[in-house]
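Since the structure comes first, as structure tokens, the remarks are kept for the end.
The values are calculated or read from the model by the stated rules, or taken from the named source; none is laboratory data. Just so we're clear, the structure is a prediction, and the values are computed from it rather than from any experiment. Cβ: placed from backbone, ideal geometry, glycine included. Neighbour counts: every protein chain shown. For accessibility, only protein heavy atoms count, side chains too; no ligands or nucleic acids. Shrake-Rupley method; radii C 1.70, N 1.55, O 1.52, S 1.80 Å.
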Amino acid sequence: MIYTSPHSNISNIIGTSVEDIDTRKQGSDRFLLMSVVILMTFGMLAVYSSIAFFAETRSTTAGQLIVGHLIKLGIAFFVMLIISKINYHTIAKFSRVGMVLSLILLVAVLAFGTEQFGAKRWLNVAGFSFQPSMVATVALIVHISVLLSEKQEYIKDFKKTFLPIMFWVILTCGLIGIEDFSSAGILLVVCLVLMFVGRVSVIQLGTLVAIGILGGALLLGQSANRQDRIEQYVSQIKDIPSEQILQGSGYQAQQAHIAIARGELFGVGIGKSVQRDFLPAPYNDFIFAIIAEEYGLLGSMSLIFIFTLILIRGVVFIARNAEDHLGVLLAVGCTLMIVLYGFVNAGVASGILPVTGLPMPFVSYGGTSMLFAGLMIGILLNISKHNRDRRTLFYG
Amino acid sequence: MDERTAILSRMFIVLGLILLIPTALGFQLIRINYFEGDELRTLWSKQAIDQIPIPAQRGNIYDANGTLLATNAVDYKLAFDPKVQVNGKIGVPQEQVAQLIKKLSSLTGRSAAEYQSKIRSAPPHSRYIVLERNLSVLAKDEINALNIKGVILEENYRRKYTFGSLAAHTLGFVNHETNGRIGLEAHYNDELKGEDGLRQVRRDPFNRIFEYIGAPKKLPRNGYSLHTTIDAYLQAILEDELRSGVEQHLARYGTGIIMDPKTGAIKAMANYPTYDPNFPGSDDEENRRNFAISDMIEPGSTFKLVTAIAAVEQGVVEFDEVFETPEDGEVVIHNLILRDHDPLGDLNFQEVIQKSSNVATAEIAMRMKKETFYQYARNMGFGSETNVDLIGEVSGRLAKPYEWSLVTLPWMSHGYEIQTTPLQIAQAYAAFANNGMMMRPYLVERIEDKNGSIVKQHKPVEIRRIAKKSTLNKLLPVFESVVTDSGTGNLSQVDGLRIAGKTGTAKKVVNGRYTNNYRGSFVGFFPVEDPQYVVFILLDEPKTSGYGGFTAGPIFRNIAMRIAGLDDDIQRSIKSVDEFPAPQFVKAPFVTGLSKDQAKLLLSNLDVPHDFSGKTGYVTAQTPEAGSPLNKGQKISLTLSETYAEADSASVKEGYAEIPELRGMNMRSAMALVSELELNSEIIGSGTVFAQYPKAGELLREGYTVTLRGKAKSLEILTQVSDR
């Protein structure tokens, strides 16, 4: 028995049943959909405002780039809708295959990947460049959820449960972490949380966290780029250096702070950001700072509120009402993945986290992250359709 | 607890923990905005707000009559941004770039390849390629008319000297930051410069500047204007004559000063060769030097003024005393030979100065104590700066008596072993002309702000009295006798104008040895009755002759003549013209070139019988020729022709015109004649022309000016004037 589900049976593992395509009338979570649309709108405006210089270095215009961004948004939205129509149990069927494939991609990116901004994260396939780490992230979330729901009977068993799950987690996070420490970190945290939610023994998890901290410390010593960022963070928390404002440690974080401070309550106005010229990758890593500058405290708080809304919708409504363990775990995993990316991005810009290069889902410029965020929201929407108690949900 | 409940409860624990993150984020955002906000915003102003100056306009410089000498002209800098967006695409199309380059090269005369290479060799991503500076307003309009995107035109203020090289050394010039480098521009730089205003702009990390609308501004205070004592007319005369003198005598350079002895105002100051301060870099550095204040020269005989004043005031010389100079003109003083230019025989005191005897001057000087002589030299301003308002003045060198050798006194008495600047000599003679009161020379009469209110008004500064008035009254005829037929200044005489002066001839010292190169100078003032002008002229290394009377003297005369023509006061005081005795013999007047009627009028006024061959037109030939003596009743035969034939046109150099005799003509015909020769005329008075400059028969470059002075006057005296 590979997994249990009331809507699929063991004999249909390879084939596709009629139920795989969701034909039921009830819509998906409207709040979730609206949140995504608002995020995309925010993102589009901020990206348009901040991408001009990047456009210049690429010998193109902000207008052309924003058209590209809109197309990616459209694709992501389309993917989201498609996925929301596919029964998550069908996706779950391919979790092991997907996991193995994405691990192969991760190894491939280490061997043939292209380097950008000091890290080897991109893989060029037929003219498209994408990050295999994102593929692996989704694959791992799905696979862990599947494994956890399968192993509920002997969930406290170290050999049967903990070790096989940890095998995939360590392998995937390890491969991602070689080049992208922060993504791997978030993925690891989400996996550990999933395991915790999936009733894995707290003692076993606690032991693992201790080992994880040790491993993290070891990895830290390897990447110069990463070490630098951590050092910046450390020096930045100590105090804001008022001299040497253009050079030296904590420059990026400080510029982001300045952007936030300039925004005050109502912001400097749409498209009037000045700090976009002082921040690196303002359309991506520091998009939150640009929004804070242009839309003020109201704008930045709204953004955080929307991510919090997604968190609450995802956990309190969708996961709690999911029809099976897999639905609960998958919903928690997908929700956390998206929300944590958003919070980490905001946390970096506002200086409570060290500088990492993580995008803000649906807001930042960049195709791959958008696509997989869309994919995960699609899964969430699909889970929301297969709810236990329809009265607790709003249907469109 | 079933599995699901367990899972959900664990899930809510996680939810609770994760909800701490947005809470923390919210607090952090508020903290940044309200607790660190001010500090961060100050930090932002520091990095992104910049103040750039709004340049103040530099003040103008005017001459004594309000003529604009230096002002500011607008020109444009053209930069090109090849990466600008055109029709939704990045980059200016190639054909537009080619069009721009073609236009530019036709406007500036530079090759198109030069501009192309500028664009090509610019760094990648460069969005500001300077193609041309100093484009004129017209050129800017033409470029604008092309309507090519990516063209950046920036306005600049450039210093413009209205008359090119006129008074170049006095005015000086400015560097590329429009700071005065030399001359008045440098000395009055602070006044001329004004105060730049400030404008707040935003600057990004790539140093691009953005306009900041509504940002505080500090308006500039424009520079003050200088109203100088320079008289553009006199300056032009001085430069004109200095140039022709330098060219005629093949001198290395020439220096001239015209000064008002009563106030010390410098009316003109010139050096030749000169330069154009509009393009100061395009001439030799040597040409930019103002020798009048920076040259240390041994003056030679002009310095005998000191000896004369000291000797007369100390009573060591009698006017009727006779000085016997040796037959060969040489004496030996402490083993050094002192020569006169020619053996001069027996001389009285006046003749000593008039004929410039070094031997006698030395003898007179040696009757005084060296301290006494030194004191007079010192009093007359030698050895110390005049403190004229120019940069780069030197003090010359007057050794202290205890430094003197045995021969210093006799040699200094005629202008050796002392170094002076031309201005010091002019200042000393100005003091002589001003009854002994030495005035500080100056160039700026007043400084005005842009509304014309006076910021600073110069008051003439009396330095000291150099001698008793009685002494100078005794010496005045002595120095006036220099400018007579029997004096060394014989070539400096101007009819009807009383001039006092002194020639100077000095061997040049090169590397401590006297060479056979000379400096010839002349300094004089006029009219003697009430001196208005002190003129100093110096030629360095003239090749025709070393004598100042021969080289600098005629330059002085020409200048004095032209000034006299311009100055109504002097004109009034020239009484001599009327008082000349009637001529015994009439000389044949110069009538060639006149119309039949004019010739008829002229000759009948003179009572000269005449006949014409030909009916109408102009006189093309006359017998006897002009200037030959004419007996009473002798007839002049004139040949008429329909067209005015230029006399000896073949022998006249290209671009030059021979000046016809204009005297005796009415002012209108004279002017017509002058303009026919492509010359300009300058008219003083009206009626019949009775004086002209230059004289008839001289060659003048086309475009130059002939001065005509008219007076309703009996024509009889005209032939007398033409006699010289």
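Tabulated data
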{"read-out": "Amide H within-cut-off set for B:Ala691, under 5 Å, with H built and near neighbours excluded", "value": "B:Arg709"}
{"read-out": "Amide proton proximity set for B:Gly197, modelled H, under 5 Å, gap of 5+", "value": "B:Ile54, B:Ala56, B:Arg221"}
{"read-out": "Estimated buried accessible area (total), pair A and B, 1.4 Å, Å² to nearest 100", "value": "4700 Å²"}
{"read-out": "For peptides B:666-675, A:376-385, sequence by mean Cβ density within 10 Å, most packed first", "value": "A:376-385, B:666-675"}
{"read-out": "Rel. contact order, % - alpha carbon contacts under 8 angstrom, at least six apart, segment B:396-544", "value": "17 percent"}
{"read-out": "Per-residue average of Cβ from other chains inside 10 Å of A:270-276", "value": "2"}
{"read-out": "Percentage relative contact order, chain B, counting C-alpha pairs under 8 Å, at least six apart", "value": "10 percent"}
{"read-out": "Karplus-derived HN-Hα couplings along segment B:143-159 (A = 6.51, B = -1.76, C = 1.60, θ = phi - 60°), whole Hz, x at Gly and Pro", "value": "5, 4, 5, 5, 6, 9, 6, x, 8, 10, 10, 10, 7, 10, 9, 10, 6"}
{"read-out": "Within segment B:223-313, GluC sites (Glu not before Pro) in DSSP loop having at most 14 other beta-carbon neighbours inside 10 Å", "value": "B:Glu285"}
{"read-out": "Inter-chain Cβ neighbour average for residues B:13-19, partner chain, 10 Å", "value": "5"}
{"read-out": "Phi-based couplings in Hz for segment B:456-463 (Karplus 6.51, -1.76, 1.60; Gly and Pro marked x)", "value": "8, 10, 7, 10, x, 9, 7, 8"}
{"read-out": "Cut-off under 5 Å, modelled amide H: who pairs with B:Val130 long-range", "value": "B:Phe80"}
{"read-out": "Cα gyration tensor shape for segment B:1-157, rounded if a/c is under 1.5, else prolate or oblate", "value": "oblate"}
{"read-out": "Exercise: per-residue mean of other protein chain Cβ atoms within 10 Å, B:38-51", "value": "4"}
{"read-out": "Crossing angle, helix B:3-18 versus chain B [Cα axis fit, 0-90 degrees, rounded to tens]", "value": "20 degrees"}
{"read-out": "C-alpha long axis of helix B:469-480 to longest principal axis of chain B, angle in °", "value": "70 degrees"}
{"read-out": "Rounded Å value of the spacing that divides the Cα centres of segment B:531-550 and segment A:276-291", "value": "78 Å"}
{"read-out": "Peptides B:362-372, B:380-390 ordered by average Cβ neighbours within 10 Å, highest first", "value": "B:380-390, B:362-372"}
{"read-out": "Segment B:277-318 versus segment B:410-439: alpha-carbon centroid distance in Å", "value": "8 Å"}
{"read-out": "Ellipticity estimate at 222 nm from DSSP helix runs (n ≥ 4, -39,500 (n - 2.57)) divided over chain B, nearest 500", "value": "-9000 deg cm²/dmol"}
{"read-out": "Spatial separation of Cα centroids for segment B:8-44 and segment A:63-77, in angstrom", "value": "31 Å"}
